[in-house]
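Below is one structure, written out as structure tokens; the observations come after it.
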Amino acid sequence: MLSKTQFPRRLAAVGALVGAAAVSLVGCSPGDDGGAVTLSVWGRALDVDEALVAAYQEANPDVHIELTRIPDDQFLSKLGTAMQSGDGPDVVIFDDANSSLLAASGLLEDITDRAKGLDFFDDFFPGQIGYYQDRIYSVPKQGGPSLMYWNKDLFAQAGLDPESPPATFTEVVEAASAIHAIASDVYGISIDGACGGCIAYKLSPIIWASGGDYLTDAGPDQKTTYATDPVVAEVFGLYREMWAAGLAAPADEAQDGTTQPELFLAGKQGIFLAWPEFAKTAADAGIDFGVTSIPGIDGGTASFAGGNNIGLAAGTDQADAGWEFITWLSDLPQQKLMASDFGIVPVRLALLDDAGFVEQYPYVAQAIEAAQDGQLPNSIAYAALALNADSPLLQAFQAIVFDGADPAGALEAADTRSAEIIAQAYDQIGG
Amino acid sequence: MTTIGSAPRPASGPAAGPARRWLTLGRRRTITGLLLTAPSAVLVTVLFVAPLVLMVVMSLHNWPLLGSGRRFRGLDNYLEAFADPVFGQSILFTLKYTLIVTPLTLVLGYLLAILVRRRVRGVGFFRAVYFAPVVVGFAAGAFIFLSMSQVDVGALDWLFRALGWSSGSPLMVQPGPALAVVVLMVVWKTVGTTMIILMAGMQGIPAEVYESAQVDGAGAWHREFSMTLPLLRPYLALTLLLTVTGSFLAFDQFYILTQGGPQQQTTTVVMWLFTQGFVRYRLGYAAALSVLLLLLLLVFTVFQVRALRAEDER
């Protein structure tokens, strides 16, 4: 045991040690560069962003960009937490399905004047611009509209014209039936029974192209119209018809999206609704396919305007530098680079007038054309309404298509649950 | 330990200042003790107490994941929880799941422990084999069983169909088979821990106990159930506690295998809590559900500990 003399000295020594440890744990804050502009950009885990950032820094040596790539499942929580503690980025690149949520939660700057000041503003994919209550909070950065692919070989085998895809969804059902008649292990179409996001991505365009919708305008009074819009019941009914006739593989009932392209890539499926980059995957698998826009029940076309948007983080002190970066990204050379080097769909309609571009990248051009009719379900509660496993959309779809439930009852239940989710979402943001 | 007379005295002598008188031996011991436990106390406070307090604070607020809509709600979140039908349903389901998994794990673990407790040649191999699944993460294990459940190609799908337990649809869209697959996976994954704990307990029983029993003519069954089992009570209590607590907090396996479906029929409490917090971004409400789950677990734990200790003291 320490004596009365040694003890106070030991105490002081330990105290000093603990104090030093505490100070070093706090860590050093990053020093001030002075002169160079540092821009913090947060994006999704995409290689194309790294390439674009590198190119921008080369062209603008006085700007240093710190790009942080965040996996999707952590994106919103990391962004929300960081912005609350003041550690947020200056520029945000995000899944455009979240554009209303981020805008309504106050995480994005109002860039209406800046955006409209761009001379190519009208050239952006119209359905992808990040509107919220008539103000703009983000602009498109890259596109990913949903499209319809068909297997030309199977069409020919089924006695259908391989060069002429179905122009209405009714024709899609007929084609699927004809293709399934080829063999019992050849299916007409895919049905992603356990993937809310897939259903939203693929069925929304059919509903929109048929003149229907399932969401009213974004805002605290937003409602879903599953039961009140007859088009929804009609589209779900067509899928029920196809399922009951065995036009989709039995395993599709549990398809959560991860293995959805397999049958088409194996040449065992006639029609597959998918994303633009799938063209390369199908070509690599040696499938003789065609791609076109998704049709409505009796005609018309539409698309789910998937992709990424970009905006300024609320309260950023690098707004001008950030906006310059955004403008540069939206410029035609960079947009072309996304297509040429990464096979990614750009968001500038002007590229359709570039004959050389259209010839070199026919599938990308097809996607841009489809995106002209692109829309997004504009809701701050989109994830809970559609994407999640217990979403009202997915559950109504499963009940009607697989369990043969009465559509009226199932859709009404979906509307009720959706109303509760939307109310809770607005209650959360204090809106 | 007191050093008597061997420590060097300062020149100013023992009569210097009030500080010396204050620092009695007892007080020095106390301060030394406090200093030594300070690091772990700080760790526990920062990593456990502070988050717990924060969670309780959050549960009294509207606390959105995004944005700044934070505001005090008092007990409204708790009132909502009591009226939440999915919360109630998830508690019942979690209880049902716990009641299925716990006896299965205990009985199987006990039987395996009997198999591997003797030091015969090659027993080490079997101990490793039975314990190996414990080392595999819950997520990895869930994916393995998910692939085995694939319709037409999975081993489990074939087995369930052969036994008449599946209608031919994918297993995960049928509530009974879906739960069965999860139970199978969890028992496979956790029985090794139970086995090891019970085996350690069995090996700790002195051989003389059995020798004297044999002299008295006790048969194998009697030895096992009237002697080994009671002597294992503390170990059984431990595994029971671990299994029940783990089952109450079940999440990974359901998130990967069933996603709470079909139609929310396999949604556990933690899954619902996760949905509220990270899909609907309602951290305040999720915190309230967490607090209620914690209280429920505490009640069960206290009840278990009391019940098993009371029998001990008979």
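The values are calculated or read from the model by the stated rules, or taken from the named source; none is laboratory data. These figures come from a predicted structure and were not determined experimentally. Positions of Cβ are generated from backbone atoms using ideal geometry, with glycine treated the same way; all protein chains shown enter the neighbour counts. The accessibility values were calculated without ligands, DNA or RNA, using every heavy atom of the protein model including side chains. Shrake-Rupley method; radii C 1.70, N 1.55, O 1.52, S 1.80 Å.
Within the set of pairs 6 or more residues apart or between chains, which connect a residue that is over 18 Å from A:Ala194 (Cα atoms) inside the stretch A:401-418 to a residue that is assigned to a loop (DSSP other than H, G, I, E, B) with Cβ atoms less than 6 Å apart?
A:Glu412/A:Ala227; A:Asp415/A:Tyr226; A:Asp415/A:Ala227
Restricting to the stretch A:262-280, name every residue that is farther than 15 Å from A:Ser146 by Cβ and out of contact with any Gly (no Cβ under 6 Å at 6 or more places or on another chain).
If we filter the stretch A:262-280 for residues that are farther than 15 Å from A:Ser146 by Cβ, which is where we start, we get A:262-263, A:265-270, A:280.
Listed by number, the residues that qualify are A:Glu262, A:Leu263, A:Leu265, A:Ala266, A:Gly267, A:Lys268, A:Gln269.
Among the numbered criteria (1) open to solvent by less than 10 Å² (accessible area, probe 1.4 Å); (2) closer than 29 Å to A:Leu215 by Cβ; (3) more than 10 Å from chain B (Cβ to nearest Cβ), which single criterion is violated by A:Leu351?
Condition (2) is where A:Leu351 drops out.
Can you find a residue in the stretch B:242-251 that is in contact (Cβ under 8 Å) with a residue 60 or more places away in the chain, open to solvent by less than 10 Å² (accessible area, probe 1.4 Å) and among the hydroxyl-bearing types (Ser, Thr, Tyr)? Spell out how you get there, then give the answer.
Just the residues of the stretch B:242-251 that are in contact (Cβ under 8 Å) with a residue 60 or more places away in the chain, to begin with: B:243-244, B:247-248, B:250.
Now narrow it down to the ones that are open to solvent by less than 10 Å² (accessible area, probe 1.4 Å): B:247-248, B:250.
From what's left, among the hydroxyl-bearing types (Ser, Thr, Tyr): B:247.
Yes - at least one qualifying residue is present in the stretch B:242-251.
With the condition kept exactly as written, say whether any residue in the stretch A:180-198 is in contact (Cβ under 8 Å) with a residue 40 or more places away in the chain, open to solvent by less than 40 Å² (accessible area, probe 1.4 Å), among the aromatic types (Phe, Trp, Tyr) and in contact with a Pro (Cβ under 7 Å, 6 or more places away or on another chain).
no
Let me confirm something: among A:Ala370, A:Ala384, which residue is crowded, with 20+ Cβ neighbours inside 10 Å, touching a residue at least 24 places away in the same chain (Cβ under 8 Å), touching a strand residue (DSSP E or B) at 6+ places or on another chain (Cβ under 6 Å) and not hydroxyl-bearing (Ser, Thr, Tyr)? Show your work before the answer.
Details: A:Ala384 fails: touching a strand residue (DSSP E or B) at 6+ places or on another chain (Cβ under 6 Å).
From the options A:Ala370, A:Ala384, the qualifying one is A:Ala370.
Name the residues in the stretch A:158-173 that are out of contact with any His (no Cβ under 9 Å at 6 or more places or on another chain) and either outside any helix (DSSP H, G or I) or modelled with pLDDT under 95 (or both), would you?
A:Gly159, A:Leu160, A:Asp161, A:Pro162, A:Glu163, A:Ser164, A:Pro165, A:Pro166, A:Ala167, A:Thr168
Which one is farthest from the other protein chains (Cβ to nearest Cβ), of the residues in the stretch A:219-251 that are at pLDDT below 95 and assigned to a helix (DSSP H, G or I)?
Out of the qualifying residues, it is A:Pro250.
Restricting the stretch A:53-104 to residues that are open to solvent by 30 Å² or more (accessible area, probe 1.4 Å), charged (D, E, K, R) and over 18 Å from A:Asp320 (Cβ atoms), which is modelled with the lowest pLDDT?
Here the answer is A:Asp73.
I need the full set of residues from the stretch A:110-135 which are touching a Leu at 6+ places or on another chain (Cβ under 8 Å) and either open to solvent by 60 Å² or more (accessible area, probe 1.4 Å) or β-branched (Val, Ile, Thr) (or both), in order please.
Passing the criteria: only A:Ile111.
Let me spell it out: the conditions are (1) open to solvent by less than 20 Å² (accessible area, probe 1.4 Å); (2) more than 14 Å from chain B (Cβ to nearest Cβ); (3) farther than 20 Å from A:Ala413 by Cβ; (4) assigned to a loop (DSSP other than H, G, I, E, B), and A:Gly270 meets all of them except one. Which number is the exception?
Result: A:Gly270 fails condition (4) only.
Do we find that A:Leu387 is farther than 26 Å from A:Leu238 by Cβ and out of contact with any Asp or Glu (no Cβ under 7 Å at 6 or more places or on another chain) in this structure?
When the stated conditions are applied, A:Leu387 does not pass them.
Applying the selection to the stretch A:177-211, what residues are among the hydrophobic types (A, V, I, L, M, F, W, C) and more than 17 Å from A:Val401 (Cβ to Cβ)?
Once the filter is applied, which keeps residues that are among the hydrophobic types (A, V, I, L, M, F, W, C) and more than 17 Å from A:Val401 (Cβ to Cβ), the stretch A:177-211 yields A:Ala178, A:Ile179, A:Ala181, A:Ile182, A:Ala183, A:Val186, A:Trp208, A:Ala209.
Return the residues of the stretch B:212-227 that are in a helix (DSSP H, G or I) and surrounded by 10 or more Cβ atoms within 10 Å (Cβ to Cβ); say none if nothing qualifies.
Scanning the stretch B:212-227 gives B:Ser212, B:Ala213, B:Gln214, B:His222, B:Arg223, B:Glu224, B:Phe225, B:Ser226, B:Met227.
Considering only the stretch B:286-296, I want to know if a residue exists there that is touching a Gly at 6+ places or on another chain (Cβ under 8 Å), under 30 Å from B:Ala142 (Cβ atoms) and within 12 Å of another protein chain (Cβ to nearest Cβ).
yes
Kindly indicate the residue of the stretch A:214-232 that is open to solvent by 40 Å² or more (accessible area, probe 1.4 Å) and not charged (D, E, K, R) and also nearest to the chain's Cα centre (by Cα) among those meeting that condition.
Top of the filtered list is A:Thr216.
Taking into account only those residues within the stretch B:39-69 that are touching a residue at least 24 places away in the same chain (Cβ under 8 Å), outside any helix (DSSP H, G or I) and not aliphatic (A, V, I, L, M), which is nearest to the other protein chains (Cβ to nearest Cβ)?
Checking each candidate, the answer is B:Pro64.
Do you know which residues across the stretch B:70-81 are in contact (Cβ under 8 Å) with a residue 60 or more places away in the chain and not in a loop (DSSP other than H, G, I, E, B)?
Passing the criteria: B:Asn77, B:Tyr78, B:Glu80, B:Ala81.
I'm trying to understand the selection: among the residues of the stretch B:23-38, which are outside any helix (DSSP H, G or I) and either within 7 Å of chain A (Cβ to nearest Cβ) or in contact with a strand residue (DSSP E or B) (Cβ under 9 Å, 6 or more places away or on another chain) (or both)?
Selection gives B:Leu23 alone.
Quick one: in the stretch A:370-393, of everything that is under 12 Å from the mean Cα position of the chain (by Cα) and of a type in the set (A, V, I, L, M, F, W, C), which residue is nearest to the other protein chains (Cβ to nearest Cβ)?
Residue satisfying both the conditions and the ranking: A:Ala383.
What helices (runs of 4 or more DSSP H) completely inside the stretch B:94-174 contain at least 2 residues that are crowded, with 21+ Cβ neighbours inside 10 Å?
Hits in the stretch B:94-174: B:138-148, B:155-162.
Of the numbered conditions (1) surrounded by fewer than 16 Cβ atoms within 10 Å (Cβ to Cβ); (2) farther than 30 Å from B:Arg73 by Cα, B:Leu295 fails exactly one; give the number of that condition.
The single condition B:Leu295 does not satisfy is (2).
Taking the conditions exactly as written (open to solvent by less than 10 Å² (accessible area, probe 1.4 Å) and more than 19 Å from A:Gln395 (Cβ to Cβ)), does A:Pro205 satisfy them or not?
Taking the combined requirement at face value, the residue satisfies it.
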